[in-house]
Amino acid sequence: MKKYTFTLLFLFILFSLSAQMTTDFEEQMNFNLSLKDIVLLVESGNSDEIDMNQYIILEGVVSSREILFADEENFVGMLGLSSGEWKGLEDVIMYRCFIQLQGLEFAAMIPVRRSRKPNPAEIALNTRIMILGQYLGYSEDEEGNKYPVIEGYKIRKIN
């Protein structure tokens, strides 16, 4: 009888922990936001609806690359991430954000100089990627257009 009681107690604790881990994970991730959603919230002035404590997963095409600090220890780079959708048969609506990458692990993805020998870690322009990150805020250009800024933690190329 003790054996069955211990087994049932163990299974109860295991299922309780599993349910708690799922709840914590769901609270940390926001799978409901796309690049389009974030851009529209920022452009409409409702960026406060984006939870800065949640992780988001975005996908799109790399439209620009820039190195802000090339020092390997304090590397900071930016990727422009774009996606679009057709409006009718002739117009395309583009959505764009900037991905901020900090740390040595991203230095090979945006090299200071292109080498003759291709580096498999490099993220070239027009590469389709998926990114795990968190919303940091937005940036404005000279014309007053607002662009979301996402801090990137993980990047994966999509073939």
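Bear in mind these aren't lab numbers, they're just calculated from the coordinates by the rules spelled out. Being a predicted model, the structure only gives us computed values, none of them experimental. Note that we place each Cβ from the backbone using ideal geometry, even for glycine, and neighbour counts take in every protein chain shown.
Some values worked out for this structure:
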read-out: Neighbour-count order for Val112, Val61, fewest beta carbons within 10 angstrom listed first; value: Val112, Val61
read-out: Taking the range 31-157 and dividing mean pair separation by its residue count, relative contact order in percent (alpha carbons under 8 Å, at least six apart); value: 28 percent
